[in-house]
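Visitor: Here you go, one structure.
The values are calculated or read from the model by the stated rules, or taken from the named source; none is laboratory data. Bear in mind the structure is a predicted one, so any value in this text is a computation, not a measurement. So basically every Cβ, Gly included, is an ideal-geometry build from the backbone, and we count neighbours across all protein chains shown. Quick note on the areas: whole protein, heavy atoms, side chains included, nothing else; ligands and nucleic acids left out. Shrake-Rupley method; radii C 1.70, N 1.55, O 1.52, S 1.80 Å.
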Number of protein chains: 2
Amino acid sequence: MNFCSECGDKVSLKIPEGDTHLRHVCDGCETIHYVNPKIITGSLPISGDRVLLCKRAIEPRYGLWTLPAGFMENEETVAEGAARETQEEAHAEVSDLQLYTVTSVPSVSQVHVFMKGDLVDDSYSAGEESLEVELFTEDEIPWDDIAFSAVKSTLKHYFEDRKTGVFPVHTTDIRHR
Amino acid sequence: MNFCSECGDKVSLKIPEGDTHLRHVCDGCETIHYVNPKIITGSLPISGDRVLLCKRAIEPRYGLWTLPAGFMENEETVAEGAARETQEEAHAEVSDLQLYTVTSVPSVSQVHVFMKGDLVDDSYSAGEESLEVELFTEDEIPWDDIAFSAVKSTLKHYFEDRKTGVFPVHTTDIRHR
């Protein structure tokens, strides 16, 4: 950040009075520009003993597999965002969405939230940001080609929890070096 | 937003190619400025049959009661943010933090995340953003003077769940008119 989005003046990095963190503060109008973590919201679409994955058609992690997910938008709920991303990336509908994993990734200032749901009608196809969309059993999952740690961790939890049929919400922190 | 924070040129509201939402896009360098929901992270500090509330010394909702919480900062986990806010607002330490409620408030583009924890040492006092900090039993809680719907909903869940001793994660959407 170089300029104030309010008045166009230059900004400087400083700790505002009463604050504990460095912020971009406008040299002119003194607006403090806060930058906060972003939420990635997505779904774990389930069909029998299989889950739906998307092969990424965009960077980062082009060509690797992921659950349908993306940046949560303003004025939507976590569940609405998860359903929207599933529609956009996999042209798929999920019902009965239930919160399943909440993963903090402080190195990139993100929180990934996945909701588990039932794939409706077994209907799906690749959206603009996907190369392919496919259903996988646990044994078929391309474990070495999963795009993000939060996705891999969510899939691991799911197949572990299937053994008991109990699916508590899992909270995980992922620390990259 | 009036100016580009990258180059200082004017921005216009438009839907970028391949996008579905209106964004502020720079007329000069074409940077797209995304604005996404913010996370409020906080704790539900528990001591026996009582919970810790803070009386707000700042707007909005000056003088009303809340759980210690605030905007999650970059480069921290949800739990670290909850512990930090509890220290800042109530000079209190919480242990064994467990995810407890996730509340979407789309009207203000926020997601409130509360973690339940044990108040360590029964030690607390008002931080800079609090007028008072106090422990309350269910009967003592000033239900009509709670600052935020997500806080009231979290407290209601907690005292309900106490009856069974089981504390599942609750996902709630709050829609203001």
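Visitor: Please give the helix B:149-162 orientation as an angle from the longest Cα principal axis of chain B, in degrees from 0 to 90, rounded to the nearest 10.
Guide: Taking Cα atoms only, the helix is inclined about 40 degrees.
Visitor: Kindly provide the GluC sites (Glu not before Pro) of region B:105-170 that DSSP labels as loop, not H, G, I, E or B, and whose Cβ sees at most 15 other Cβ atoms within 10 Å.
Guide: Values: sites: B:Glu128, B:Glu129, B:Glu132, B:Glu134, B:Glu138, B:Glu140, B:Glu160; in loops: B:Glu128, B:Glu129.
Of the GluC sites (Glu not before Pro), the ones in loops of region B:105-170 whose Cβ has at most 15 other Cβ atoms within 10 Å are B:Glu128.
Visitor: Which far-off residues, 5 or more places away or on another chain, put their amide H under 5 Å from the one on B:Leu44, with H placed in the peptide plane?
Guide: Counting only residues 5 or more places away or on other chains, the set is B:Met115, B:Lys116, B:Gly117.
Visitor: Starting from the exponent 0.38 and prefactor 2.2 Å, build the expected Rg for the protein assembly as shown from its residue count and divide its actual Cα Rg by it.
Guide: On the way: Rg = 21.5 Å, N = 354, 2.2 N^0.38 = 20.5 Å.
Relative to the rule-of-thumb radius for its length, the protein assembly as shown sits at 1.05.
Visitor: Residues of region B:19-48 losing 40 Å² or more of accessible area relative to the isolated chain, 1.4 Å probe, heavy atoms only?
Guide: B:His21, B:Asn36, B:Pro37, B:Lys38, B:Ile39
Visitor: Past the 22 Å Cα-Cα mark, which pairs from A:Lys116/A:Lys152; B:Lys38/B:Lys116; A:Lys10/B:Lys38; A:Lys156/B:Lys38; A:Lys116/A:Lys156; A:Lys38/A:Lys163? Could the numbers behind the result be given before it?
Guide: Details: A:Lys116/A:Lys152 14 Å; B:Lys38/B:Lys116 20 Å; A:Lys10/B:Lys38 25 Å; A:Lys156/B:Lys38 28 Å; A:Lys116/A:Lys156 13 Å; A:Lys38/A:Lys163 33 Å.
The answer is A:Lys10/B:Lys38; A:Lys156/B:Lys38; A:Lys38/A:Lys163.
Visitor: Continuing with this model, one more query. For region A:38-173, which whole percent of the accessible surface, found with a 1.4 angstrom probe, sits on carbon and sulfur atoms?
Guide: On the way: 2560 of 5790 Å².
Here carbon and sulfur together make up 44 percent of the probe-accessible area.
Visitor: What does the helix-only formula give at 222 nm for chain A: each DSSP H stretch with n ≥ 4 adding -39500 (n - 2.57), the total divided by the residues, and the result rounded to the nearest 500 deg cm²/dmol? Before the final figure, lay out each step's value.
Guide: Details: 2 runs with 27 residues, N = 177.
Taking each H run of at least 4 residues, the total per residue is -5000 deg cm²/dmol.
Visitor: Let me ask something else about it. Below 15 Å, Cα to Cα, which aspartates and glutamates can B:Lys55 reach? Residues fewer than 8 away in the same chain don't count.
Guide: Within the straight-line cut-off, B:Lys55 pairs with B:Glu85, B:Glu88, B:Glu89, B:Glu128, B:Glu129, B:Glu132, B:Glu134, B:Glu140, B:Asp144, B:Asp145.
Visitor: List the chymotrypsin sites (Phe, Trp or Tyr not before Pro) in region B:20-84 that DSSP assigns to loop (not H, G, I, E or B) and whose Cβ has at most 11 other Cβ atoms within 10 Å. Which are they?
Guide: Values: sites: B:Tyr34, B:Tyr62, B:Trp65, B:Phe71; in loops: B:Tyr34, B:Tyr62.
Answer by residue number: B:Tyr62.
Visitor: Also, I was wondering about something else. Ignoring solvent entirely, what values of log10 I(q)/I(0) come out of the Debye formula for region A:25-177 at 0.17, 0.18 Å⁻¹ when each Cα is a single scatterer?
Guide: Taken in order of the listed q values, log10 I(q)/I(0) reads -0.94, -1.05.
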